[in-house]
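Here is the structure we will look at, set down as structure tokens.
The values are calculated or read from the model by the stated rules, or taken from the named source; none is laboratory data. Because the structure is predicted, anything quoted here is derived from the model rather than measured. Every residue, glycine as well, gets a Cβ built from its backbone with ideal geometry; the counts of neighbours run over all protein chains shown. For the accessible areas, the whole protein counts, side chains as well, though only heavy atoms, and no ligand, DNA or RNA atoms are used. Shrake-Rupley method; radii C 1.70, N 1.55, O 1.52, S 1.80 Å.
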Amino acid sequence: MLTGSAERSEQHKLRQKELLKSLLQLILLDNMLTEGRLSKDAPLWLQQAIGALRRPDILQGGLKSFIYLCGHSQEHVTRQTRRYYHQTPSELINYYRIQYSQELLLNTDLSILEVSMCSGYESVSYFNRIFLQYTGVSPRTYRNSMKLIYQ
């Protein structure tokens, strides 16, 4: 796929390689989180709250909803997520938001703004920045590249 036809520009090939690299990193992180490698000793309340981050309504509620689900103070939740997941609650939420937004970009025709809002981001520019940080490409480039791959 990445080497494709000779008609593709070098810039296009580089974008695809970066996209593949980013996707592999996300898959590895997701595998570590879902298999519990980083969280096997985490308290059940924290594991359950993190499991709920796959729900769009919780993602849209952001940190407030996550802290509420945990049933503990924000300080305690932050200490525990750092201890067991080596991330802050906000980093975990962003990770699951970006995962959800990738699904929306691939499986819907929603605009980037609509994907941003459905994923819990109030600012499309902040969404673009976080998406780029996690995947290495912009949401638009991600969608267009994935369409090329799946055609």
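With Cα atoms as the point set, segment 66-151 shows a radius of gyration and Dmax of 14.8, 48 Å. Element breakdown for segment 102-151 at a 1.4 angstrom probe: carbon and sulfur atoms account for 52% of the accessible area. Computed over protein heavy atoms with a 1.4 Å probe, the accessible surface of segment 102-143 works out to 52 Å² per residue. In this view, the solvent-accessible surface of T108, computed with a 1.4 Å probe and all protein chains in place, comes to about 40 Å². Would you mind checking segment 108-136 for residues with the amide N under 14 Å from a putative spin-label position 7 Å along Cα→C-beta of K147? Counting backbone N atoms under 14 Å from the label point, the list is 108-112. One decimal place: the segment S9-Q74 gains 18.5 nm when fully extended, by the rule 0.36 nm per residue minus the C-alpha distance. Protein-only accessible surface at a 1.4 angstrom probe places the residues I149, I112 in the order I149, I112, largest first. Atom-type composition of the exposed protein surface of segment 43-91 places 51 percent of the accessible area on carbon and sulfur (1.4 angstrom probe).
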